[in-house]
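A quick write-up on the structure given underneath.
The values are calculated or read from the model by the stated rules, or taken from the named source; none is laboratory data. This one's a predicted model, so the numbers in the text were calculated from it and none came from an experiment. Every residue, glycine as well, gets a Cβ built from its backbone with ideal geometry; the counts of neighbours run over all protein chains shown.
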Amino acid sequence: MNMLSEVAVEKVLEKPMNIIPLKMVGKDVSVYYGDKRALYDVNLDVRENTVTALIGPSGCGKSTFLRSLNRMNDTIEGCKVTGRIALDGDDIYDASIDVVELRARVGMVFQKPNPFPKSIYENIAYGPKIHGLARSKADFDQIVEASLQRAGLWNEVKDRLHEGGTGLSGGQQQRLCIARAIAVSPEVILMDEPCSALDPIATAKVEELIHELRANYTIVIVTHSMQQAARVSQRTAMFHLGHLVEENDTDKMFTNPDDQRTQDYIMGRFG
Amino acid sequence: MTNALSPADAAVISRAPARRDIGIKRRYAAERRFRAYGIAALAFGIIFLFLLLSTVVRNGYTAFQQTAIALPVEFTEKLIDPDNKRATDPSVLIAANYTAVARDAIVKALGVDAQNKADVRAANAMLSKSAPIQLRDMVVADPSLIGKTVTVSFLADAQIDSANKGQVDLTVPESNRKVSDRQIGWMQQLSASGAMAKQFNTGLFTSGNSSRPEAAGLGVALVGSLYLMLIVLVLALPIGVAASIYLEEFAPKNRLTDLIEVNINNLAAVPSIVYGLLGLAVFINFAGLPRSAPLVGGLVLTLMTLPTIIIATRAALRAVPPSIRAAALGLGASKMQMVFHHVLPLAMPGILTGTIIGLAHALGETAPLLLIGMVAFVADIPGSPMEPSTALPVQIYMWANEAERAFVERTSGAIIVLLLFLIVMNLGAILLRRRFERRW
Amino acid sequence: MSTSLILIILLIVGAGAYGLAASRAVRMSGGKLSALHSRPGYYGAYAAIWAILPAALVLAVWLVASPMIVERTVRGGFPDDVKSMPVAEQNLAYGMINAIARGLPMLSAEDTAALSSGSVDVRAKLAEKGVPLAGDVQPYMLEAARTLNAETGTSRLAMTAVVALLALGGAAIALRSVAPRFRARNRVERVILWALVAASSIAILTTVGIVLSMLTEAAHFFREIPPLEFFFGTVWDPRFAGAGSTSAGQFGLIPLLAGTLYIGFVAMLVAVPVGLFAAIYMAEYASPKVRSLAKPLLEVLAGIPTIVYGFFALITVGPFLRDLSMQVNGLLTGNYVNFIQAQSVLTAGIVMGIMLIPYVSSLSDDIITAVPKALRDGSLGLGATRSETIKKVVLPAALPGIVGALLMTASRAIGETMIVVLAAGVAARMQINPFEPMTTVTVKIVAQLTGDLEFTSPQTLVAFALGITLFAITLCLNIYALYIVRKYREQYE
């Protein structure tokens, strides 16, 4: 697998933000649920090998924006997306783009851990199997092990790979879901409040994992915890009532934000 | 395009990596196939629905019309009461030879030679076998008719009726069909004079059963089904609601109520014929209630419908939010008052919907009624639920077993009537649900 | 006094007690209703319950018990030679006595006198009044009929008195206890609660009734036919009594069971794929518009009475299959002979399958939509297509529930009656050709119990043995299915 060395990670980290390539670009993105408008002309870019955190009070549209990045909104009836979202320069809502292919490139981890009611092994092997990424048993074994390794779960589950995935603890389940997403080798991983259902220790483990994954993947994470955004992300975008209020380097955002509302939110005046 | 997308300070768009082959084409073909199976399955079900309904309607809509022949009938005293004894012995009026009266009427109207036995027989066969009985009933009701000539509307024989409706293939050689060329000529003659005409078949709804298809009607079955429905409604609704209130609001959650719960779910799935056996053994053999009586049928159907009503009522009670209960109790209402003043009225639309659906189910049920003897041949409309009767679906079963073509028409007509009742009931349930449905 | 008159009087007493108690409560409160423990209506209801309930219970018991007691006295008075006759003849005699007793009050005074002197023929006289008798009247019968009428009259009089006394007494007691601090509401509510309990016990009583009634009747049957011969017999040939043979015939369950299972199997073969795919399509693909149209249409299929399906099989599907087979045979071999009978396993199976489609589809629709959306999202989020998600995630997750739904459908197929009565045929044979008729347990229950019945012959009683077999099979299927489905639902709650 194409794991980068520690040196490479550091190199990426040191680069100034404005020369990191853009992985995804959102331009004038608006989302409607039936008659209700949930997002208003959002312009937001996602940079490669960066963790971008989306924050804001509940109902502000951050999850809606996240779900439009791999068209999971398609599964919601009456949902309409306007504007443009591009992945590597290609509009993902274009007719020529296939949604299955898109989701294979832009994976997703959900708020509540949702392992399939199958064994741990089958949970991981599911993605590669449907996409035909592996043929032999050995290939699958290798993918399963590598994915679990990267999700930091290997040592905990290697002796019970063929037991049910639903028997794991909440934190382990969530890392299983992350491993499941990695197994497809996506380019971008979207995480929708991945720690909201977890206890602090499990949260710390997942955060550590996010930090490591950043070397290989572009990550967009929705979180309602400011501390988490500050801990894991390099870029932060603040949403409020469907509008993008401010997008900035995380350091700047949490020390000296440009927008009054961001400051209020971070200081805990609303939300 | 890409430039327009990027903000001013961003330098580069990430280069697109080499695309992996994830078998998109093959997988979408499988997707389309899978979808097609689903559509095919749905279409299969719906096509059969229309096939079934169209069969019934095609065979049955003509049953609502009936060919009648209006003839001047001479009630000659010589034939009916030759010895003039009717003042002292009214029974002569019942035993008189009305067959001859009817035959004379048709023979005269057609101008057939009364000496030609074959022609007289063919002419007489055009009238329903019920014609003499019709004349008898007229004379018994009004003996002053004797000696007069009155125009009477007779039912045509089933064969003539179906020929008049264009259901007989006249290209078939005469020996292979049941209507002779002679009779067809007479039919044209009668139609031209206006004596023979199709009219709305009121007899279908008022007459009792008969072995002659043209005279057989649903009167007994309709009244019988009405009794059944009334008994089921009067018994099953209050008992079902009371049972549900207890189980949902008062019963302690223990093994016994668990058992009752499982028991009710099972009763809902017990084959209906088993309820017929229960009715036969308990109500008829043990309690000594009369066979064929709608009372027994109603009791059996009540037991059969109860689980459905209980399940629907419990669901409706459960849908009333706890906040309503808390509000009532918080004002100092007793639990009984809370249930009867607040929960029950709010649940009522759901309960009634469930009840109507249960009733519709009971209306179409046949098998248990067969076992308790409601398949009896009943010609007179029952005056009370203790008298023998049939029911709509049972009448359909009995007619379906008759061989004559005309009975197929009657059977289909009866099915249309039954389905209309069911549609009205179900529409009522849907409207009730729409009108009063509450979303919490 | 007639029973309905007594009931009306009871109601009037009850209404009176209600009014009196309510007004008494108001009076006692001294104009301040809040001084009362309960609303005045509850005091009224309390009094009405006391007035009506005990009296009505006694009335009911009396109505059931009194004829039995009277019958015993009358029979006790039979002459000894009558008492030595067989029970059946005694019953006949008692039936006649009953009829005479009914006819006697219709006679005029002279007629009655004439009867006593024995100068008139009782039978002719009663027939004149519209009371036909089965045989000639013997003197002791007349006497017994008089005793019967006298006893019944006394009993009625006593009953009226006791009931009236109870009603008035109950009302009086209740009225006396009306007091501002008296908890009338609680008492009334306790009575209502017991009424609710009684209503829910009917569900249990029904099951007990089914099991007991069928077991007793089946036990009568097994006294004449050994259970082994019934359960393992391979020949069904119940000769009717009076057909010339003295043997009771053979009652082998196996051919009926084979037919039942075979037809059910064919039906499931039609219903399961169609119903399952229809459910999947509606749950996962159909737009709300299509769903709101297709779902009710399939439900119509479920609402059509089975007798209509039977008729459809009889006049459309059966003849169609027969003619089709004739054409196919003709084209293949030149011999235009049908190889599918109009009444056959195939006809009954197909039509029953169509009837079962909506059961399969609506049950599995519920099961499939109960699979959490999170699982679908998880799969779609990995880039699975819809059908991959359904086949590899949704269906495996829903499998236990679907199995439960299919078991319930199978139990319905086994218990279905009207379709097979009209479409399957009556020949009880064991064979594997689906184009030939076979018969089922339910068909034979109907066949044995329509027409004249005598509850003593095995030809009739066998229906109850068949019934208990059917009940046991469907009960096991249902309990197991309900258990599976319940466990399945708990998993996702």
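Any chance the range B:239-253 includes a residue that's part of a helix (DSSP H, G or I) and free of Cβ contacts under 8 Å to residues at least 40 places away in the same chain? Yes, the range B:239-253 contains at least one residue that is part of a helix (DSSP H, G or I) and free of Cβ contacts under 8 Å to residues at least 40 places away in the same chain. Take the conditions (1) of a type in the set (Val, Ile, Thr); (2) more than 38 Å from the chain's Cα centre (by Cα); (3) at pLDDT below 85; (4) not in a loop (DSSP other than H, G, I, E, B); B:Ile94 misses just one of them, which is (2). Here C:Gln250 clears all of (1) surrounded by 20 or more Cβ atoms within 10 Å (Cβ to Cβ); (2) at pLDDT below 90 except the condition numbered (1).
The one condition from (1) surrounded by fewer than 20 Cβ atoms within 10 Å (Cβ to Cβ); (2) over 22 Å from A:His224 (Cβ atoms); (3) more than 13 Å from chain C (Cβ to nearest Cβ); (4) in contact (Cβ under 8 Å) with a residue 40 or more places away in the chain that A:Gly78 does not meet is (3).
Quick check: is even one residue across the range A:193-207 small (Gly, Ala, Ser), more than 14 Å from chain B (Cβ to nearest Cβ), touching a residue at least 24 places away in the same chain (Cβ under 8 Å) and part of a helix (DSSP H, G or I)? Yes, some residue in the range A:193-207 is small (Gly, Ala, Ser), more than 14 Å from chain B (Cβ to nearest Cβ), touching a residue at least 24 places away in the same chain (Cβ under 8 Å) and part of a helix (DSSP H, G or I). Would you call A:Gly171 within 12 Å of another protein chain (Cβ to nearest Cβ) and of a type outside the set (A, V, I, L, M)? No. Only a single criterion out of (1) small (Gly, Ala, Ser); (2) surrounded by fewer than 24 Cβ atoms within 10 Å (Cβ to Cβ); (3) modelled with pLDDT of 90 or more is not satisfied by A:Ser58, namely (3). Of all residues in the range A:117-147, those satisfying the criterion of being outside any helix (DSSP H, G or I), within 20 Å of C:Arg376 (Cβ to Cβ) and at pLDDT below 90 are A:Pro117, A:Lys118.
Results for (1) assigned by TED's automatic domain parsing to the domain that holds C:Arg24; (2) part of a helix (DSSP H, G or I); (3) not small (Gly, Ala, Ser), shown as yes or no for each residue.
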| residue | (1), (2), (3) |
| --- | --- |
| C:Gly153 | yes, yes, no |
| C:Met159 | yes, yes, yes |
| C:Leu166 | yes, yes, yes |
| C:Gly170 | yes, yes, no |
| C:Ile173 | yes, yes, yes |
| C:Ala203 | no, yes, no |
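Among the criteria (1) within 21 Å of B:Gly276 (Cβ to Cβ); (2) of a type in the set (Val, Ile, Thr); (3) in a helix (DSSP H, G or I), the one C:Ile484 does not fulfil is (1). Would you say B:Ile260 is within 14 Å of chain C (Cβ to nearest Cβ), part of a helix (DSSP H, G or I) and touching a helix residue (DSSP H, G or I) at 6+ places or on another chain (Cβ under 8 Å)? So B:Ile260 fits the description; yes.
Conditions (1) under 16 Å from A:Val188 (Cβ atoms); (2) outside any strand (DSSP E or B), marked per residue:
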position: A:Tyr40; (1), (2): no, no
position: A:Asp45; (1), (2): yes, no
position: A:Cys60; (1), (2): no, yes
position: A:Arg67; (1), (2): yes, yes
position: A:Asp74; (1), (2): no, yes
position: A:Thr82; (1), (2): no, no
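Here C:Val61 clears all of (1) touching a residue at least 60 places away in the same chain (Cβ under 8 Å); (2) under 30 Å from C:Ser177 (Cα atoms) except the condition numbered (1). Only residues that are assigned to a helix (DSSP H, G or I) and more than 9 Å from chain B (Cβ to nearest Cβ) were counted in the range C:445-465, giving 8. Only one entry of B:Thr151, B:Thr62, B:Thr99 meets the criterion of being assigned to a helix (DSSP H, G or I) and touching a Pro at 6+ places or on another chain (Cβ under 6 Å), and that entry is B:Thr99. Return yes or no: is A:Asp91 among the acidic types (Asp, Glu), over 29 Å from C:Tyr488 (Cα atoms), under 22 Å from the mean Cα position of the chain (by Cα) and within 14 Å of chain C (Cβ to nearest Cβ)? Answer is no for this residue. In the range C:171-190, the residue that is surrounded by the most Cβ atoms within 10 Å (Cβ to Cβ) out of those that are away from every other protein chain (no Cβ under 14 Å) and in contact with a Gly (Cβ under 9 Å, 6 or more places away or on another chain) is C:Ala171.
Each residue in the range C:366-413 was checked for being within 30 Å of C:Ser344 (Cβ to Cβ), more than 7 Å from every other protein chain (Cβ to nearest Cβ) and touching a Ser or Thr at 6+ places or on another chain (Cβ under 6 Å), and 2 pass. Any residue in the range B:157-177 that is assigned to a strand (DSSP E or B) and assigned by TED's automatic domain parsing to the domain that holds B:Ile80? Scanning the range B:157-177 turns up no residue that is assigned to a strand (DSSP E or B) and assigned by TED's automatic domain parsing to the domain that holds B:Ile80. Return yes when B:Glu409 is of a type in the set (Asp, Glu) and either touching a Cys at 6+ places or on another chain (Cβ under 6 Å) or farther than 27 Å from C:Gln448 by Cα (or both) and no when it is not. So B:Glu409 fits the description; yes. Do we have any residue at all in the range C:262-275 that's of a type in the set (Phe, Trp, Tyr) and in contact with a Lys or Arg (Cβ under 9 Å, 6 or more places away or on another chain)? Checked the range C:262-275: no residue is of a type in the set (Phe, Trp, Tyr) and in contact with a Lys or Arg (Cβ under 9 Å, 6 or more places away or on another chain). Of all residues in the range C:432-443, those that are crowded, with 24+ Cβ neighbours inside 10 Å and either more than 18 Å from the chain's Cα centre (by Cα) or not polar (S, T, N, Q) (or both) total 5. Of the residues that make up the range C:79-102, is at least one in the same structural domain as C:Val13 (by TED's automatic domain parsing), crowded, with 16+ Cβ neighbours inside 10 Å and assigned to a loop (DSSP other than H, G, I, E, B)? Scanning the range C:79-102 turns up no residue that is in the same structural domain as C:Val13 (by TED's automatic domain parsing), crowded, with 16+ Cβ neighbours inside 10 Å and assigned to a loop (DSSP other than H, G, I, E, B).
If you filter the range B:376-415 down to residues that are among the polar types (S, T, N, Q) and in a loop (DSSP other than H, G, I, E, B), you find that the one that is farthest from the other protein chains (Cβ to nearest Cβ) is B:Ser389.
Of the residues making up the range B:285-295, those that are at the interface with chain C (Cβ under 9 Å from one of its Cβ atoms) and either among the β-branched types (Val, Ile, Thr) or part of a helix (DSSP H, G or I) (or both) number 2. Between B:Ala40, B:Ala30, B:Ala63, the distinction of being touching a Ser or Thr at 6+ places or on another chain (Cβ under 7 Å) and surrounded by fewer than 22 Cβ atoms within 10 Å (Cβ to Cβ) belongs to B:Ala30 only.
One residue stands out among those in the range C:254-305 that are crowded, with 22+ Cβ neighbours inside 10 Å and in a loop (DSSP other than H, G, I, E, B): the one that is nearest to the other protein chains (Cβ to nearest Cβ), which is C:Pro305.
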